[in-house]
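The values are calculated or read from the model by the stated rules, or taken from the named source; none is laboratory data. This structure is a prediction, so every number in the text was calculated from the model and none was measured. Note: ideal-geometry Cβ built from the backbone for every residue, glycine included; neighbour counts use all protein chains shown.
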Amino acid sequence: MQTLKRVTVTRSFRMGVIALGVITTFVATAVGTASSPKVTAPAGVEEDSLRPNMLYNRVGRPIPVVLSLRGRTDVPEDGFDLVLLAADGTVLDSAIGGDPGEFDLLEALPAIAELTATARVQVIADGVATGSPLVIQPMIGRTPVRTTRDYRPGTTDPYTRIIGFGEDLLDPDDLSDAAALERAKAAPDWDPGEPPVLTGFRVYPDRDVLVETGFGPIRVALAPEAAPNTAWNFRHLAENGFYDDTTFHRVVHFDRTGRRFVIQGGDPSGSGNGSAGWDLPMERSSLQHDLGVISMARADHPDSAGSQFFFCLGRPGTARLDGQYCAFGYAVEGDEAIAGIADVEIEDVAAGRPAEPPVITRMTLVPAPPQTPGDDRADRRIQSWWTPEVVDESETRRPR
């Protein structure tokens, strides 16, 4: 590969976490000191300031990116700064004083080479987070999914329950799961799996997915830090029109115990049996199934997800899905639309079949907002169930 040349005028990025100037503010904010943060994200989202040259970048090789003036007319007096951020806003690495042009992101932020979970690179201009972040996803293999046969709560319906990945149990304190894992390890067909290997990095501009429905828009923030390949799968399908003019074919406002449950879509056939034509390997997601969280629907086999997804309607009813289904994002806007879809008339209660299935008119990708150091965007997901505002019209009523 040709050696990359950085285009600079009077300054270049200096590597490492800088202990002075604006980066000091970032670190102080991330570790929770009393210092007031001086970096804020603008209300509007500019075009991408930082773009990768390649989607896939092999381990040990440069990660070529281009820093541009999009949204600006001049270079900041002290140049552009970069910060490598964990999902919760913790600063992992930083570089200051760069100019527009092409350079090696790995050279500027060497901590990228040590990543084991997805992180983001944010451009800072004049102390302000500027443009959408760049997602940096380590490409690491999966350990085998461990399962056991069980019965669904309160029924005699058997199903395949996930108990762990590799030799790591979802619930280490569950004695029955621990015993099931030991029996599996003693069996002659036990597959320990290959050690996970880092092969490179998938690098791309961060995007939200705008889900336009007949009940209004739902804006989904993807969480590649929780389930990178599942989030990418959904993004790919949404970007390429797969979900346009499909429906929420299954609506279960309340489960059999009276707790809010899910609304489900993503099947172009509308039958509940359709898919994208491939099976998606199950990922162990760190994202809990809470109100507004989006997760992949699947059949009994853990690796049978493809395109169908569901939005959770409340933690009490969907907590039991943690570890069994792969959550990959959350709604940051659209609580009214979700509540409206959940409240439609149901024709077949057992199947959750709506009389008139709500329509997804289209899905589009929209720029994700800048990430300010110290800011965890997950804190902005919808937090409460939408209820219509009650308007008191007593003072406006006239006696007959």
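Would you check if T116 is within 22 Å of A223 (Cα to Cα) and surrounded by 20 or more Cβ atoms within 10 Å (Cβ to Cβ)? Answer is no for this residue.
The requirement of being in contact with a strand residue (DSSP E or B) (Cβ under 9 Å, 6 or more places away or on another chain), modelled with pLDDT of 95 or more, within 21 Å of P302 (Cβ to Cβ) and not acidic (D, E) is fulfilled nowhere in the stretch 118-138; no residue meets it. Does I23 count as touching a helix residue (DSSP H, G or I) at 6+ places or on another chain (Cβ under 8 Å), at pLDDT below 85 and either over 27 Å from I140 (Cβ atoms) or among the charged types (D, E, K, R) (or both)? Answer is no for this residue. Looking only at the stretch 210-233, which residues are within 10 Å of the chain's Cα centre (by Cα) and surrounded by 24 or more Cβ atoms within 10 Å (Cβ to Cβ)? Within the stretch 210-233, V220, L222, A223, P224, A226, A227, T230, A231 qualify.
Condition check ((1) more than 25 Å from E283 (Cβ to Cβ); (2) more than 24 Å from the chain's Cα centre (by Cα); (3) without any contact (Cβ under 8 Å) to a residue 40 or more places away in the chain) across all residues:
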| position | (1), (2), (3) |
| --- | --- |
| A125 | yes, yes, no |
| A129 | yes, no, no |
| V145 | no, no, no |
| P153 | no, yes, no |
| P172 | no, yes, yes |
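When A180, A111 are checked against the criterion of being in a helix (DSSP H, G or I), out of contact with any helix residue (DSSP H, G or I) (no Cβ under 7 Å at 6 or more places or on another chain), assigned by TED's automatic domain parsing to the domain that holds L55 and of a type outside the set (S, T, Y), a single residue qualifies: A111. Filtering the stretch 337-394 to residues that are among the small types (G, A, S), in contact (Cβ under 8 Å) with a residue 40 or more places away in the chain and surrounded by fewer than 15 Cβ atoms within 10 Å (Cβ to Cβ) leaves A351, S384.
Candidates are the residues of the stretch 338-354 that are part of a loop (DSSP other than H, G, I, E, B) and over 28 Å from the mean Cα position of the chain (by Cα); the one that is nearest to G214 (Cα to Cα) is E345.
Taken over the stretch 355-372, the criterion of being in a loop (DSSP other than H, G, I, E, B) and within 18 Å of the chain's Cα centre (by Cα) is satisfied by A368, P369, P370, Q371, T372. Number of residues in the stretch 198-253 that are under 16 Å from F311 (Cβ atoms) and assigned to a strand (DSSP E or B) equals 19.
Considering the stretch 252-267, the residues that are under 23 Å from the mean Cα position of the chain (by Cα) and not polar (S, T, N, Q) include one that is farthest from G314 (Cα to Cα), namely D267.
Would you pick out the residues in the stretch 76-101 that are surrounded by fewer than 17 Cβ atoms within 10 Å (Cβ to Cβ) and over 20 Å from the mean Cα position of the chain (by Cα)? Passing the criteria: E77, D78, G101. With respect to the conditions (1) touching a helix residue (DSSP H, G or I) at 6+ places or on another chain (Cβ under 6 Å); (2) within 22 Å of D168 (Cα to Cα), R320 falls short on a single one, namely (1). Scanning the stretch 280-312 for residues that are closer than 25 Å to I140 by Cβ, in contact with a Gly (Cβ under 6 Å, 6 or more places away or on another chain) and without any contact (Cβ under 8 Å) to a residue 60 or more places away in the chain gives a single hit, L280.
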